[in-house]
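Okay, structure first, notes after.
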Amino acid sequence: MPSPLLEAARAAYTQAFGLEPTILAQAPGRVELLGNHTDYNGGLVLATAIDRGTVIAGRPTPEREGQVHSTGFADPDRFDLEALEPGEPGTWGRYVRGVVWALRETHGPLQGGFQAAIAGDVPLGAGLSSSASLQAALALFLLKAGVAGQATDLDDPARMALAKLLRRGENEFVGVQSGLLDQFSVLFGRADMALSLDCRSLEYERLSLGTPPPAIVICDSKTSRRLADGMYNQRRAECERVVSFFQAKRGTEAVTWLRDLTVDELEEAWSQLDTIGRIRARHVLTENERVQQGAEALRAGDSARLGELMSDSHSSSRDDFGNSSSYLEALIESAEEAPGYLGGKLSGAGWAGCTVNLVDAAQADDFAEAVRHHYTKRTAIVPDVHICHAAAGASEL
Ligand code: ADP
Ligand code: MG
């Protein structure tokens, strides 16, 4: 974790509360390398935690109250720990409150309250999961401060339990229906390692990205994600339609998600399926295969192959899943012309937001410069380009 962020959180705390913080915790953001729209279909994802994150600095207090400042927002948030209600309208603080609520639901009443300041450098709402980064950093802060649960060194089973708890905070308190991927990734990350997650069984594996590992360069198209929400729900419905078709054929016991189907089965039923649903499903099922192939490539130390699979994933998202845009295409075309490019794809929901690119680490600066130049020439928009590396998961500091 870069120390400027730590210093920013420390300084923000001291400015707001007039004391030095006694407890510090951090968590990274995350990016999906492969597995686009596979998570809610019970499928496979390859992700990594990144060296952008959130630091929380603060102190426990005797009052049963949370007081939180963020360097990213002008107004602080202040709330009674006992009076939290799921779905309450709120500002940025709803993710903070959701963590407190989920800890209380799981571990019982909190021991006193807290004062804290947050500093983060994960761009908000860009698909890099600033929300899970904030959630995990805050949870570790509250555990270490003795405000919630028991402070212990978190082993992997404890991290998985915490990921589920934080997901519950997001699903039930904030009201955002999301899978486990975000919270899992920010808790399980390791330096220079990717993470594979099976969203059906929750089996996972940490995989080395190689020596030297490639840089993970995230390019933000700077286009609005507002459209993406409606489209996201439409895609989920299109996937469910194909699941319903196979349930009618094979029974609801046998088919719960698209994951329960094979590419061969889909092809056999091709002519009976609606023309949209079947290509959406083809993307999801071939994407699961690409995740498996990507994991195999990493086990064999072949990160260049992972890059190719990411480019294949992008084509499948664009042609079958229909979640690219002219701006994301311009970003990918710009990357293809840039030095050191191993492969890249749209990430997250799609339609706007970011692409993720695997790039030879020694050429990452030149790559970033070239993408900025080409994308600006194509679209008259200056993109944000973040050169990142696979990073460690949430920890106390
Ligand atoms: P994403 O997770 O893709 O970045 P979300 O909309 O899921 O986008 O999460 C953004 C929300 O997370 C913010 O509205 C805020 O509630 C919370 N958040 C994340 N980082 C911070 C921060 N540094 N300070 C305050 N709130 C934050
Ligand atoms: Mg989020």
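Within the range 89-102, being touching a residue at least 40 places away in the same chain (Cβ under 8 Å) and surrounded by fewer than 16 Cβ atoms within 10 Å (Cβ to Cβ) holds for no residue. Check whether at least one residue in the range 223-246 is of a type in the set (Gly, Ala, Ser), under 21 Å from residue 356 (Cα atoms) and modelled with pLDDT under 95, and report yes or no. Taking every residue of the range 223-246 in turn, at least one turns out to be of a type in the set (Gly, Ala, Ser), under 21 Å from residue 356 (Cα atoms) and modelled with pLDDT under 95. Just one of 122, 147 is within 15 Å of ligand 2 (Cβ to nearest atom) and of a type outside the set (Phe, Trp, Tyr); which is it? It is 122. Criterion applied to 167, 190 was being crowded, with 16+ Cβ neighbours inside 10 Å, under 13 Å from the mean Cα position of the chain (by Cα) and not acidic (Asp, Glu), and the one residue passing it is 167.
Residues that are more than 6 Å from ligand 1 (Cβ to nearest atom) and farther than 20 Å from residue 64 by Cα were ranked within the range 108-121; the one that is surrounded by the most Cβ atoms within 10 Å (Cβ to Cβ) is 119. Taken together, the residues in the range 161-201 that are aromatic (Phe, Trp, Tyr), within 12 Å of ligand 1 (Cβ to nearest atom) and either outside any helix (DSSP H, G or I) or under 24 Å from residue 389 (Cβ atoms) (or both) amount to 0.
Among the residues of the range 241-261, those that are out of contact with any Gly (no Cβ under 9 Å at 6 or more places or on another chain) and open to solvent by 70 Å² or more (accessible area, probe 1.4 Å) comprise 248, 249, 250, 252, 253.
Residues in the range 140-160 that are assigned to a helix (DSSP H, G or I) and more than 18 Å from residue 56 (Cα to Cα): 5 in all. Consider the range 66-101. How many of its residues are more than 21 Å from residue 130 (Cα to Cα) and in contact with a Phe, Trp or Tyr (Cβ under 7 Å, 6 or more places away or on another chain)? Qualifying residue count, the range 66-101: 1. For residue 77, the requirement of being among the acidic types (Asp, Glu), open to solvent by less than 30 Å² (accessible area, probe 1.4 Å) and more than 7 Å from ligand 1 (Cβ to nearest atom) is met.
On the stretch given as the range 123-136, residues that are at pLDDT 95 or above and either in a loop (DSSP other than H, G, I, E, B) or more than 6 Å from ligand 1 (Cβ to nearest atom) (or both) total 4.
The rows are residues; the columns are (1) away from ligand 2 (no atom under 16 Å from the Cβ); (2) under 30 Å from residue 371 (Cβ atoms); (3) modelled with pLDDT of 95 or more.
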{"site": "159", "(1), (2), (3)": "yes, no, yes"}
{"site": "163", "(1), (2), (3)": "no, no, yes"}
{"site": "178", "(1), (2), (3)": "no, yes, no"}
{"site": "181", "(1), (2), (3)": "no, yes, no"}
{"site": "184", "(1), (2), (3)": "no, yes, yes"}
{"site": "192", "(1), (2), (3)": "yes, yes, yes"}
{"site": "198", "(1), (2), (3)": "yes, no, yes"}
{"site": "202", "(1), (2), (3)": "yes, no, yes"}
{"site": "206", "(1), (2), (3)": "yes, yes, yes"}
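Could you grab me the full set of residues in the range 1-30 that are under 11 Å from residue 141 (Cβ atoms) and either not assigned by TED's automatic domain parsing to the domain that holds residue 78 or not in a helix (DSSP H, G or I) (or both)? Across the range 1-30, the qualifying residues are 21, 22, 23, 24, 25, 26, 27.
The values are calculated or read from the model by the stated rules, or taken from the named source; none is laboratory data. Because the structure is a prediction, the values reported are computed rather than measured. All Cβ positions, even for glycine, are placed from backbone atoms using ideal geometry, and neighbour counts span all protein chains on display. Just so you know, the surface numbers come from the protein's heavy atoms only, side chains and all, with ligands and any DNA or RNA stripped out. Shrake-Rupley method; radii C 1.70, N 1.55, O 1.52, S 1.80 Å.
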